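K.L.:
I'd like to ask you about the structure that follows.
The values are calculated or read from the model by the stated rules, or taken from the named source; none is laboratory data. Since the structure is predicted, the reported quantities are computational estimates derived from the model, not experimental observations. Note: ideal-geometry Cβ built from the backbone for every residue, glycine included; neighbour counts use all protein chains shown.
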Amino acid sequence: MVTSEACQYRNVTTTPLDHARQAFADRHPQSRLQHEMARTVLPGGHTRTVLTHLPFPLTFAAGEGAVLTDADGQQYIDLLGDYTAGLLGHSDRRVLDAVASALSVLASAGGIHHHEVALAQLMCSRFGLDRVRFTNSGTEANLMAITTAMMFTGRQKIMVFHGGYHGGVLYFASGAAPWNAPYDFVIAPYNDLDGTVGLIEQEGDQLAAVIVEPMLGSGGCIPSAPGFLAGVFAAARRVGAVCIADEVMTSRHGPCGLAALVGATADITTYGKYIGGGFSFGAFGGTAELLDQFDGTRPDTGGRRAISHAGTFNNNIATMAAGEVVLGEVFTADAAVAHTARGEEFRGHIETVLDKHDLPVSVTGYGSMMSLHACARAPSTPHEAAERDETLQELLFLGLYQRGIYTAARGMINLSLVVTDDQLSTALDALDDCLTELS
Ligand SMILES: Cc1ncc(COP(=O)(O)O)c(C=O)c1O
C-alpha cells in the first residue's frame, strides 16, 4: 500500500507553511480522494512531474475560457496556461470544430493528407523556415534537432546551458540530470557570453551543436541578456557547430518568435506547445541544407544515407488540423505582437504590486510569459534564481491558489488569449492581498 504525504495531512500544524498546506488539503476533499486513488496506479498520482506539489495537485473537472473548475466545484482564473500550451484557453470552438470536421472525413490515414502540408506551409512562412518536420512533443523535436546536427557535422558534442530545459530527457536545472539521453553534453553558463564563447572555442571542431532557449522557460522565465544569443551563435558558427534555438515555449513572442526579436538567427528551431491547439505537438525546422538530410528520395551522397525519422503520430490529423487554425486564424502574427505587448503591460502591473510590499518577491519574463520569484532582486541567471526562499515561494503559490488564481508551483504565469482584463485585475488584487498576508 502506497502512502502519500497527502494522506498524512492530519498532523498538528506548526509553521505557516504547514498551516497553508493543511488549509489547502481541507478545502479540496475530492481532489485529495482522487489523488490517493491515482497514486495506487500512477507513481506520484500523475504522469507529469512538473505538476507535483504538496499537499497534492488538484484534479480538474472542466475548463471554459480562462476559468478552470476543480473536482470540488471550485473555480480558478487560469494564469498558468498549461505551461504555454494553453494559449487559446479552454475549449476554443474554432479548433474543436476544425478537428471534428477533419476527423469526420479522414481519421487516421497511414498516409499523406493535406492538413500536414498546410500546417508546414504556415510554419515555414511564419517562422522563416525552408523546411519543417513534425513530432509528437517538444522533447522529440529537440532530440531530432540534435540528431540532425550530429549527422550533418559528424561530431558528437552538444552544448547546452545550466538551467536549460529541452524535455524530460534533456534536463539541465542543476547540471545534466542522470536520466538524460546519453549525449556528450558540454554545459555552459547562461547569460555569460565570455564564459560560453571560451567553452565553444575550447571544444572547437568537436562541437556538433549549441542548443539554447532565447529565454529560460522552466528555468524561471529568465530572458537572454542583450547580445547573448547572437554572440553564442556567432561563436558556434566560427567552429562549424549548428545553432539550435529551442522556441518550444517562446515562439509565441512577436511575429515569429523570440530569437528574431533578440537579433539571432538559428540554423534549426524547435517548436511545440500551443501550436497544436491542445493536441500533442512538436516540430523542428530550419535550412534546406540541414533538413533535407531527411529526404529519403535523395540518392546517397558520399555514402551518407538519408536520416530516418519515423513516427506513427507525427502527422496525426487532429494535431495538423488544429495547428492550421491556430497559426492560420487565431494566433496570427498580428495577434502574437499584440499578445506580447499585453504580457509586457501585465508584468509591469505585477511589478507595481510587488513594489508596495517589503517582501523579497520579484518578477521576470518577457511578453506573455513571466515568473514570480521569492528573491529580493529579479534573477538574471539560473544561479540567482536558485537562491530563492523556497518556503516563501510555496506560500505565495498556495496563497494565490486559495484566492482562486492558478499559477505554476514554481511561480510561472503564461497569459492565454482569452483571459479578460477583469480577470487580470482580479489576479493583481489577489496577489496584493496574498502579499499583505505574507508580510
Ligand atoms: C523550452 C522547452 N523545450 C522543450 C520542452 C519539451 O516539450 P514537451 O513537454 O512537449 O516534450 C519544453 C517543455 O516544457 C520546454 O519548455
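K.L.:
Looking at region 276-294, can you tell me whether even one residue there is more than 16 Å from the ligand (Cβ to nearest atom), over 26 Å from the mean Cα position of the chain (by Cα) and of a type in the set (D, E, K, R)?
P.N.:
So far as region 276-294 goes, yes, one or more of its residues are more than 16 Å from the ligand (Cβ to nearest atom), over 26 Å from the mean Cα position of the chain (by Cα) and of a type in the set (D, E, K, R).
K.L.:
Scan region 1-43 residue by residue and report those that are assigned to a helix (DSSP H, G or I), over 21 Å from Gly399 (Cβ atoms) and at pLDDT below 95.
P.N.:
Across region 1-43, the qualifying residues are Cys7, Gln8.
K.L.:
Restricting the search to region 64-96, which residues are crowded, with 18+ Cβ neighbours inside 10 Å and within 19 Å of Gln34 (Cα to Cα)?
P.N.:
Leu68, Asp70, Ala71, Tyr76
K.L.:
Next up: From the list Leu80, Leu106, Leu87, which one is touching a residue at least 60 places away in the same chain (Cβ under 8 Å) and in contact with a strand residue (DSSP E or B) (Cβ under 6 Å, 6 or more places away or on another chain)?
P.N.:
Leu80
K.L.:
Something else about it: Tell me which residues, restricted to region 271-328, are surrounded by 14 or more Cβ atoms within 10 Å (Cβ to Cβ), part of a loop (DSSP other than H, G, I, E, B) and among the small types (Gly, Ala, Ser).
P.N.:
Gly277, Gly278, Ser280, Ala306, Gly311
K.L.:
Looking at the structure I just gave you, is Thr297 within 18 Å of His114 (Cβ to Cβ) and of a type in the set (Ser, Thr, Tyr)?
P.N.:
No: the conditions fail for Thr297.
K.L.:
Of the residues Thr340, Thr352, Thr391, only one is of a type outside the set (A, V, I, L, M), loosely packed, with under 15 Cβ neighbours inside 10 Å, touching a residue at least 24 places away in the same chain (Cβ under 8 Å) and outside the structural domain of His253 (by TED's automatic domain parsing); which?
P.N.:
Going through Thr340, Thr352, Thr391 in turn, just one is of a type outside the set (A, V, I, L, M), loosely packed, with under 15 Cβ neighbours inside 10 Å, touching a residue at least 24 places away in the same chain (Cβ under 8 Å) and outside the structural domain of His253 (by TED's automatic domain parsing): Thr391.
K.L.:
Looking only at region 164-185, count how many residues are without any contact (Cβ under 8 Å) to a residue 40 or more places away in the chain, in a strand (DSSP E or B) and surrounded by fewer than 21 Cβ atoms within 10 Å (Cβ to Cβ).
P.N.:
Summing the residues that are without any contact (Cβ under 8 Å) to a residue 40 or more places away in the chain, in a strand (DSSP E or B) and surrounded by fewer than 21 Cβ atoms within 10 Å (Cβ to Cβ) in region 164-185 gives 3.
K.L.:
What number of residues within region 72-91 are part of a strand (DSSP E or B) and aromatic (Phe, Trp, Tyr)?
P.N.:
1
K.L.:
While we're here: Only one of Ala259, Ala234 is within 15 Å of the ligand (Cβ to nearest atom) and not hydroxyl-bearing (Ser, Thr, Tyr); which?
P.N.:
After applying the criteria, what remains is Ala259.
K.L.:
Separate question: Could you run through region 213-231 and say how many residues are within 11 Å of the ligand (Cβ to nearest atom) and β-branched (Val, Ile, Thr)?
P.N.:
Final tally of qualifying residues: 0.
K.L.:
Can I ask one more? Just checking, does region 110-132 include any residue being basic (Lys, Arg), outside any helix (DSSP H, G or I) and within 16 Å of the ligand (Cβ to nearest atom)?
P.N.:
Scanning region 110-132, I find no residue that is basic (Lys, Arg), outside any helix (DSSP H, G or I) and within 16 Å of the ligand (Cβ to nearest atom), so the answer is no.
K.L.:
Also, quick follow-up: Which ones in region 169-200 are closer than 15 Å to Ala235 by Cβ and either within 21 Å of the chain's Cα centre (by Cα) or not assigned by TED's automatic domain parsing to the domain that holds Gln156 (or both)?
P.N.:
Ala188, Pro189, Tyr190, Asn191
K.L.:
Can you tell me which residue within region 133-158, out of those that are part of a strand (DSSP E or B) and within 16 Å of the ligand (Cβ to nearest atom), is surrounded by the most Cβ atoms within 10 Å (Cβ to Cβ)?
P.N.:
Ranking the candidates gives Phe134 first.
K.L.:
Being in a loop (DSSP other than H, G, I, E, B) and either of a type outside the set (S, T, N, Q) or at pLDDT below 95 (or both) is the filter here, so list the residues in region 391-425 that pass it.
P.N.:
Within region 391-425, Arg403, Gly404, Ala408, Ala409, Arg410, Gly411, Leu415, Leu417, Val418, Val419 qualify.
K.L.:
While we're on this one: Any residue at all in region 363-372 that is surrounded by 20 or more Cβ atoms within 10 Å (Cβ to Cβ) and either among the aromatic types (Phe, Trp, Tyr) or at pLDDT below 95 (or both)?
P.N.:
yes
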